[in-house]
Amino acid sequence: MNLGGLNDLYRQLIIDHAQHPHHHGELPAASQTITLNNPTCGDVIKLAVTFADDRIEQIAFSGEGCSISQASASMMTDLVQGQTLTQAKKEIQVFLEMLMENPAASQDDPDELLGDAAVLAAVIKFPARIKCATLAWKALEQAISEEEAHE
Ligand code: ZN
């Protein structure tokens, strides 16, 4: 794969998702609402999730921040809406491992599991931006663990 092409794909997908984020908004009847911020960049993600039958029935995010934080939230919500908690937890794990340079922990291929979000692997080259990319995923991880704690 040509690195220049990968960078173009990375840039274009980030721009598309940041300018036109999917699942952007509020869920008044959410089961869990988690707000996380990344003070080093000023990103805020407020994630609202409705759970039903061990699935993510509906998910939406609001807040503000840099293009990477917004694009990552858009990609994440696209990926997990309708999925089981087991599947979503696996994807969170693979995503966080992808950005922590910890490939030994998982045999799973981010390209197969993560959809558009797999392009965020490129953020590993910009260590100051990793927290921007992981913020929404950590919010989902927290929403799922709160939900499971209350079952
Ligand atoms: Zn940021």
>> Just to verify a number: FRET efficiency for E57 and F126, C-beta to C-beta distance, R0 = 22 Å, to 0.05?
In response: 0.05
> Does region 34-151 classify as rounded, prolate or oblate by the C-alpha gyration tensor (a ≥ b ≥ c root eigenvalues; a/c under 1.5 gives rounded; else a/b over b/c gives prolate, otherwise oblate)?
Replying inline: oblate
> How far apart, in nm, are two points set 7 Å out from the Cα along the Cα-to-Cβ line at C41 and at E148?
Replying inline: 2.6 nm
>> Using amide H atoms built in the peptide plane, which far-off residues or other-chain residues are under 5 Å from G63 H to H?
In response: K46
> Given the options T77, T33, T86, which has the most mean-square fluctuation in a GNM of the chain, springs set between C-alpha atoms less than 10 angstrom apart?
Replying inline: T86
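Quick check for the chain: number of Lys pairs with alpha-carbon distance under 21 Å, counting only pairs 8 or more apart or on different chains?
Values: K46/K89; K46/K131; K46/K138; K89/K131; K89/K138; K90/K131; K90/K138; K125/K138.
Counting lysine pairs in the chain gives 8.
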> What spacing in nm lies between the two simple spin-label points modelled at L9 and E26, each 7 Å away from Cα in the Cβ direction?
Replying inline: 3.8 nm
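Throughout, read-outs are computed from the coordinates displayed, never taken from laboratory work. All values reported here derive from a predicted model rather than from experimental measurement. In this analysis, Cβ positions are derived from the backbone assuming ideal geometry, glycine residues included, and neighbour counts consider all displayed protein chains.
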